[in-house]
Amino acid sequence: KPADEKPEPAGDDDGYTAYQQQKGKGRRLRIRLRKDAATAPAYDHLIDVLSDRATGKEVSLVFTHAYVAIKGRNLQELADLLTMEMIDWIEEFDPKRWDKPEGSTPVIDSIEYTSRSTIAVDGKDKSK
């Protein structure tokens, strides 16, 4: 996106949205976790996208420096769009903020981010 454009906010207080597709290839994938932590790895560091095509319950992202495990429902399209680098952000569902969408709406129940660095995304030092 051009620098003068503001990025779309992730799910707001009006309702939950699991992810935001962008019009073209992105430079970074913003990952918003339930615990008010966030990270934005560059797509240039994305090595592989793995998914369970049949059920759409799991998507895994392998970066050069991190591993991201995404679990939820109806995530087939998300996996395809991540492969094409066309997702701006993903957001973990927080039952304290939103009612859970029903039906075929995609929902990300959990995002597990594991980094090779010594500082975890939640701010806790993993080296101790």
**Asked** Excluding ligands and nucleic acids, what accessible area in Å² is computed for Ile87 using a 1.4 Å probe, to the nearest 10?
**Response** 0
**Complete:** Here the residues of the range 75-104 lying in the modelled label zone of Asp14, meaning backbone nitrogen under 11 Å from a point 7 Å along Cα-to-Cβ, are none
**Asked** How far apart, in nm, are the 7 Å Cα→Cβ label points at Asp52 and Lys23?
**Response** 3.7
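Could you give the accessible area per residue of the range 47-105, probe 1.4 Å, as a whole number in Å²?
On the way: 3050 Å² over 59 residues.
Heavy-atom SASA per residue in the range 47-105 reads 52 Å².
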**Message:** Let me check something: with ligands and nucleic acids excluded, how do Glu91, Glu112, Glu58, Glu102 order by accessible area (1.4 Å probe), largest to smallest?
**Reply:** Glu102, Glu112, Glu58, Glu91
**Request:** Could you tell me which of the pairs Lys25/Lys57; Lys23/Lys71; Lys35/Lys96; Lys25/Lys100; Lys71/Lys96; Lys23/Lys100 are separated by over 22 angstrom between their Cα atoms in the structure shown?
**Result:** Lys25/Lys57; Lys23/Lys71; Lys25/Lys100; Lys23/Lys100
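Could you please tell me the mean projected area of the C-alpha convex hull for the range 60-104, averaged over all directions and given in square nanometres to one decimal?
Hull-based average projected area comes out at 4.0 nm².
The values are calculated or read from the model by the stated rules, or taken from the named source; none is laboratory data. Note that the structure is a prediction, hence the values are computed from the model and not measured. Neighbour counts run over all protein chains shown; Cβ positions are idealised from the backbone, glycine included. Ligands, DNA and RNA are stripped out before the accessible areas are found, and what is left, the full protein with its side chains, is counted by its heavy atoms. Shrake-Rupley method; radii C 1.70, N 1.55, O 1.52, S 1.80 Å.
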